[in-house]
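Each remark here refers to the structure printed beneath this line.
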Amino acid sequence: MDRPITPWRRPACCATGRSAAVILIAFADEDVLGTAADLRLEGAFPRAAPVAAFDVRRHRYAESSESVDGWRTGALRNVAVQQLGDVSQLDAASCCYSISVKVDDPTDLTHLQLAWAVASQLAQTGACATLDVYWA
């Protein structure tokens, strides 16, 4: 029997009325995922995670070079170089996947757990690097 994933708590949480969001970009040499429905996430995140609030999209370099290059240049590139050292696979990636989750005033961090579960699945199917590009 699989053990349920424990939600990450926010012990000092108080209502703010603000949204929380996270965006991760996973780079790959090829399309590693047919559709979001192909994700195999059962048991990979807490049951209470806001699944309806998450979105995953593929961005092919051939169709969206400006967007893909925007995610692997500037400050994000500096972070990638610090974390990865060799960024040749990042530079050669022919596509990437944006993983985003936005929720209103969460009382826990299950939205982060969900985003990273998706990134983990993409890594298992062939993504070479994932950059944490935004959180609020």
Inset, instruction - Would you mind finding the one in Ala119, Ala127 that is among the hydrophobic types (A, V, I, L, M, F, W, C), out of contact with any helix residue (DSSP H, G or I) (no Cβ under 6 Å at 6 or more places or on another chain) and part of a loop (DSSP other than H, G, I, E, B)? - result: Ala127
Inset, instruction - Give the residues of the stretch 48-94 that are of a type in the set (Phe, Trp, Tyr) and under 19 Å from Trp116 (Cα atoms), sorted by residue number. - result: Phe54, Trp71
Legend entry - Residues located in the stretch 51-61, provided they are surrounded by fewer than 16 Cβ atoms within 10 Å (Cβ to Cβ) and either touching a Gly at 6+ places or on another chain (Cβ under 7 Å) or part of a helix (DSSP H, G or I) (or both): Val51, Ala52
Legend entry - the stretch 56-68 - residue that is charged (D, E, K, R) and closer than 23 Å to Thr125 by Cβ and, of those, nearest to the chain's Cα centre (by Cα): Arg57
Legend entry - Selected residue [at pLDDT 85 or above and in a loop (DSSP other than H, G, I, E, B)] from Ala20, Ala48, Ala26, Ala15: Ala48
Inset, instruction - Could you list, in sequence order, all residues of the stretch 62-86 that are surrounded by 13 or more Cβ atoms within 10 Å (Cβ to Cβ) and in contact (Cβ under 8 Å) with a residue 24 or more places away in the chain? - result: Val68, Trp71, Arg72, Leu76, Val79, Ala80, Leu84
Legend entry - Count - residues of the stretch 55-74 that are modelled with pLDDT under 90 and of a type in the set (A, V, I, L, M, F, W, C): 1
Legend entry - Members of the stretch 80-116 that are more than 10 Å from Ala26 (Cα to Cα), over 11 Å from the mean Cα position of the chain (by Cα) and part of a helix (DSSP H, G or I): Ala80, Val81, Gln82, Gln83, Leu84, Ser88, Gln89, Asp91, Ala92, Thr110
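The values are calculated or read from the model by the stated rules, or taken from the named source; none is laboratory data. Just so it is clear, the model here is predicted, and its values are computed rather than measured. Cβ atoms come from the backbone with ideal geometry, glycine included; neighbour counts cover every protein chain shown.
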